[in-house]
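Everything on this sheet refers to the single structure shown next.
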Amino acid sequence: MSKKVMGHVFALFAIIIWGLTFISTAVLLDVLDPIEIMVFRFGMAFLLLCAIYPKNFKFLSLKEEFIFFILGLSGVSLYFIAENISLTYTLPSNVAFILTTAPLYTAIIAHFFSQDEKFDKSILVGFAFCIIGVFFVMYNSQVKLAINPLGDFLALAAAVMWGIYSVSLRKLTGNYHPIYMVRKTFFYGILTTLPFIKLFGADMVSKGWSANIIFNLIFLGIVASALCYVLWNKAVMLIGSVQATNYIYLIPLVTVIGSFIFLKHKLEPLMIFGGVLIIVGVVIADKWKAKKMGDVEDVKKVA
């Protein structure tokens, strides 16, 4: 398997798991607050990664530490805080729809801050197919899209944060182990989340810890965070931030299929049609090649 194919496999696997996290989160929200879920999820992932790779805890150069700080801030704390708060102001369907625009913002950010990922019209064509497909996947008699300026703005901010995270990954100049990269990112993500615990009045102790709650936290912490962030980072290094982020369009489709399998939700014909459009859009966007894009071997690799 070539490194490029491996990058696509890693990105697709991470997206499939992340598409299922909405189901686990829905279960946890019956007992835990959004900020509590976030702290437990990434705290567990951080401790696991420390146990797996207990090496190199020294301070790096100021530039590299700053990039890791940006990764933790954009890809962990601000992303999830903006997403969770937006859900209290606007409809979940609005949030899900807006978050799928992240690949477009990633492409725009990469165009200005990356040497080998320039914007191309095929990205817009793929974006159009995917957004229309996402609308059909989400649409049914129970789902409504209504404008709420604050909530929608926060969802938009979350999408932009993920774009910043994905592009910033390729700014690291060191030859870091992938587990080390995620571990350090989670450290800064947790650190920048701590002030919000007091703000949200989170209670981290007195909760009803059933087996179902513990299982879903383990799934979010170990699989969706520790494993999938490592795979996502590898994917970005191998195929670039723009191509990797295009797979985000598939998240609503994965969530709908997961709900059909695990929650016995009905699968509508329009959802299937929308899923086909999303896949077509991802393929179109994935065919995009940046001008004078260097060979994958010239891109910074991680051990």
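Side notes on the structure shown:
- Scaled to the globular estimate 2.2 N^0.38 Å, the Cα spread of segment 3-291, given as radius of gyration, is 0.97.
- Hz values of 3J(HN,Hα) by residue in segment 215-228 - Karplus curve (6.51, -1.76, 1.60), Gly and Pro given as x: 4, 5, 5, 5, 4, 5, x, 7, 7, 6, 9, 4, 6, 5
- Across segment 169-198, the residues whose backbone nitrogen lies under 18 Å from the label position 7 Å along the beta-carbon direction of Phe59 are 184-185, 187-189, 191-192.
- Given charges at beta-carbon only (K, R positive; D, E negative), |dipole| of segment 3-291 in Debye: 780 debye
- Cα-projected label distance for Phe200 with His111, points at 7 Å along beta-carbon direction, nm: 3.4 nm
- Cross-link pairs exceeding 31 Å between alpha carbons, from the set Lys63/Lys234; Lys3/Lys266; Lys118/Lys266: Lys3/Lys266; Lys118/Lys266.
- Stokes-Einstein translational diffusion, segment 1-106 - Kirkwood Rh over all Cα pairs, 0.890 mPa s, 25 °C, in µm²/s: 149 µm²/s
- Distance-filtered residues of segment 230-263 - backbone nitrogen under 20 Å, label point 7 angstrom along Ala128 Cα→Cβ: 246-247, 249-250
- For the peptides 161-170, 186-195, 257-266, the ranking by mean Cβ contacts within 10 Å, running from highest to lowest, is 161-170, 186-195, 257-266.
- Potential lengthening between Thr88 and Leu47 on full extension [0.36 nm per residue; Cα-Cα distance subtracted]: 11.8 nm
- Between the alpha-carbon centres of segment 53-80 and segment 1-47 there is a gap of 19 Å.
Coordinate-derived values only; no laboratory data. Because the structure is a prediction, the values reported are computed rather than measured. We place every Cβ from the backbone using ideal geometry, glycine too, and count neighbours over all the protein chains shown.
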